[in-house]
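Here is the structure we will look at, set down as structure tokens.
The values are calculated or read from the model by the stated rules, or taken from the named source; none is laboratory data. This structure is a prediction, so every number in the text was calculated from the model and none was measured. Cβ atoms come from the backbone with ideal geometry, glycine included; neighbour counts cover every protein chain shown. These accessible areas exclude ligands, DNA and RNA; they are computed on the full protein's heavy atoms, side chains included. Shrake-Rupley method; radii C 1.70, N 1.55, O 1.52, S 1.80 Å.
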Amino acid sequence: MNLKEQISQYQPYNAQEAKEQEVMLHYMDTFDDLLTRENELAHFTASAWIVNPDRSKVVMAYHNIYQSWSWIGGHADGDADLLHVALKETEEETGLTAITPVSKNIYSLEILGVPAHLKKGEPIATHLHLNVTYLIEADENEKTTIKPDENSAVRWMDLDVAVSACTEPEMKVVYQKLNEKLKMVK
């Protein structure tokens, strides 16, 4: 199943996700370069909500650019298999290798506004991340490592602590939604 089919078949959790699903599908019909950063208006990213087996903790990284505790994820950079991107980013940003998708299906959809910033000394214009999130399970006893060019700490946190540790108000809303959805996962 291709990415457009996956997003089309996704069952939104709430009205916000339904609207964001609609906009993503519209953008997919409008632009042909959403999988790369060449589209400076909007492009696809993939995130991982990494939980322990009993779903009581999540992995958060202290993100250097945003100076906040954050989930794990990254740009598609041409890869239409966003689950693969989420798993790759998990390994790169946390050092975790014993990771398993809880499902191959999309866990959550978000359109995230990214403010202008510098990355590696280069200016990045304000743009949108068309984000697809996957639920990933990992062993909280496995050693984690940082990715110094992106984060300065990686830590397992209780679900409510992960939300409160984040200093970005708009992301707190996303993380709370992801935690609420865990109650529905078998």
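Consider segment 169-182. How many of its residues are open to solvent by less than 30 Å² (accessible area, probe 1.4 Å) and either within 16 Å of N52 (Cα to Cα) or outside any helix (DSSP H, G or I) (or both)?
5
Among the residues of segment 125-145, what is the count of those that are of a type in the set (V, I, T) and either surrounded by fewer than 16 Cβ atoms within 10 Å (Cβ to Cβ) or free of Cβ contacts under 8 Å to residues at least 60 places away in the same chain (or both)?
Summing the residues that are of a type in the set (V, I, T) and either surrounded by fewer than 16 Cβ atoms within 10 Å (Cβ to Cβ) or free of Cβ contacts under 8 Å to residues at least 60 places away in the same chain (or both) in segment 125-145 gives 2.
Keeping to segment 53-72, report how many residues are open to solvent by 20 Å² or more (accessible area, probe 1.4 Å) and in contact with a helix residue (DSSP H, G or I) (Cβ under 8 Å, 6 or more places away or on another chain).
Going through segment 53-72 one residue at a time, the tally reaches 5.
Can you pull out every residue in segment 1-32 that is at pLDDT 95 or above and charged (D, E, K, R)?
Those that are at pLDDT 95 or above and charged (D, E, K, R): K4, E5, E17, K19, E20, E22, D29.
Any residue at all in segment 149-162 that is crowded, with 20+ Cβ neighbours inside 10 Å, under 14 Å from the mean Cα position of the chain (by Cα) and in contact (Cβ under 8 Å) with a residue 60 or more places away in the chain?
Checked against the condition, which is being crowded, with 20+ Cβ neighbours inside 10 Å, under 14 Å from the mean Cα position of the chain (by Cα) and in contact (Cβ under 8 Å) with a residue 60 or more places away in the chain, segment 149-162 yields no hits at all.
Given the conditions (1) open to solvent by less than 40 Å² (accessible area, probe 1.4 Å); (2) in a loop (DSSP other than H, G, I, E, B), and given that V85 satisfies all but one, which numbered condition is not satisfied?
Only one criterion in (1) open to solvent by less than 40 Å² (accessible area, probe 1.4 Å); (2) in a loop (DSSP other than H, G, I, E, B) is unmet by V85, namely (2).
Say we look at segment 1-39 and pick out the residues that are small (G, A, S) and without any contact (Cβ under 8 Å) to a residue 12 or more places away in the chain; which of these is least open to solvent (accessible area, probe 1.4 Å)?
If we take residues in segment 1-39 being small (G, A, S) and without any contact (Cβ under 8 Å) to a residue 12 or more places away in the chain, then A18 is least open to solvent (accessible area, probe 1.4 Å).
Which residues, counting only those in segment 122-140, are charged (D, E, K, R) and part of a strand (DSSP E or B)?
E122, E137, listed by residue number.
Quickly run through segment 95-113 and pick out the residues that are open to solvent by 10 Å² or more (accessible area, probe 1.4 Å), assigned to a strand (DSSP E or B) and not polar (S, T, N, Q).
If the condition is that a residue be open to solvent by 10 Å² or more (accessible area, probe 1.4 Å), assigned to a strand (DSSP E or B) and not polar (S, T, N, Q), then I99, P101, I111, L112, G113 are the ones that fit.
Any idea which of (1) at pLDDT 95 or above; (2) open to solvent by 80 Å² or more (accessible area, probe 1.4 Å); (3) basic (K, R) is the one K186 doesn't satisfy?
(1)
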